[in-house]
Amino acid sequence: MIECRAVGPMGANCYLVSCPETKKAAIIDPGANSDGLKKWIADKGVQVEYILLTHGHFDHIGAVDDLREQYQAKAGIHHEDAVMLTSGAHNLSRMLGKSFEYKPADFFLEEGQVLQVGKLSLTVIATPGHSLGGVCFLTAEGLLSGDTLFDGSVGRADFPGGSMEELINSIEEKLLILPDDTMVYPGHGPETTIGREKRDNPFLQ
């Protein structure tokens, strides 16, 4: 089961991915509002085992340490974005006049890695371009695309470590090969499908 809450001033989508049978869960991109996320998790009655990050920009990582401490969960990020957890300059929070810094990741995400959440599987797809270590997570219910692919758009590539050429290549070579009816759950904004983005996304024509 995939459920979504938009958090923080940037409206980043935080996802709760849970196994109905075992009540095991993972939180994807907890960007802010840790108290609200804790209440959401408590209301769902699930046990969070993983905190998974599609990339390391500040609006996607703000509640990582609070949730990690609350649930004794393991936090994972791609090694290319690992420094973003510990450096306000790298996670871009310093641009706001603040510097948010967090504990290092507990483990690194790698291309093709499969994470088990109860009876659910999440497969890591490395999609650099928005950041050096951007990843997506593929589940039986759909694709959690972070800031790689949006409804009618793609991620920005003008931040340090970004590359529009690499981003488009990541999308075309790794995401658009998925079935057209694959649901896409992005890091901001509404959900979409792979087929709709193939057909209508102006960045992919």
Convex hull per residue volume in Å³, alpha carbons only, for the range 85-205:
117
Other residues with Cβ under 13 Å from the Cβ of P160 give, with Lys and Arg +1 and Asp and Glu -1, a net charge of -1
Going through the cross-link list K24/K174; K39/K98; K24/K44; K24/K103, which pairs have a Cα-Cα distance over 22 Å in this structure?
K24/K174; K39/K98; K24/K103
Looking at the chain, I'd like the Rg to Rh ratio, where Rg is from alpha-carbon atoms and Rh is Kirkwood's inverse mean 1/r.
0.94
If you take every DSSP beta bridge fully contained in the range 15-118, what fraction is antiparallel? Give it as a percent rounded to 5.
25
With 0.36 nm assigned to each residue of separation and the Cα-Cα distance removed, D158 to Q116 gains 11.7 nm
In the range 67-153, what % of DSSP beta bridges are antiparallel (nearest 5)?
80
Considering only protein heavy atoms, what is the solvent-accessible area of K74 at a probe of 1.4 Å, reported in Å² to the nearest 10?
110
Pulled fully out, how much extra length does the chain show between E172 and S99, if you take 0.36 nm times their separation in residues and subtract their Cα-Cα distance?
22.8 nm
Using a Gaussian network for the chain with springs between C-alpha atoms less than 10 Å apart, which of these wobbles most: N91, N33, N13?
N33
Show me, bin by bin at 10 Å from 0, the whole-percent P(r) of the range 33-154 based on Cα pairs.
13, 42, 38, 7, 0
Per residue of the chain, what 222 nm ellipticity follows from adding -39500 (n - 2.57) for every DSSP H run with n ≥ 4, rounded to the nearest 500?
-4500 deg cm²/dmol
Using just the C-alpha positions of the range 6-65 as equal point scatterers, what log10 of I(q)/I(0) does the Debye formula give at each q in 0.25, 0.27 1/Å?
-1.00, -1.12
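The values are calculated or read from the model by the stated rules, or taken from the named source; none is laboratory data. Note that the structure is a prediction, hence the values are computed from the model and not measured. Methodologically, a virtual Cβ is constructed for each residue, glycine included, from the backbone with ideal geometry; neighbour enumeration extends over all protein chains shown. Protein only, heavy atoms only, side chains kept; ligands, DNA and RNA dropped before computing areas. Shrake-Rupley method; radii C 1.70, N 1.55, O 1.52, S 1.80 Å.
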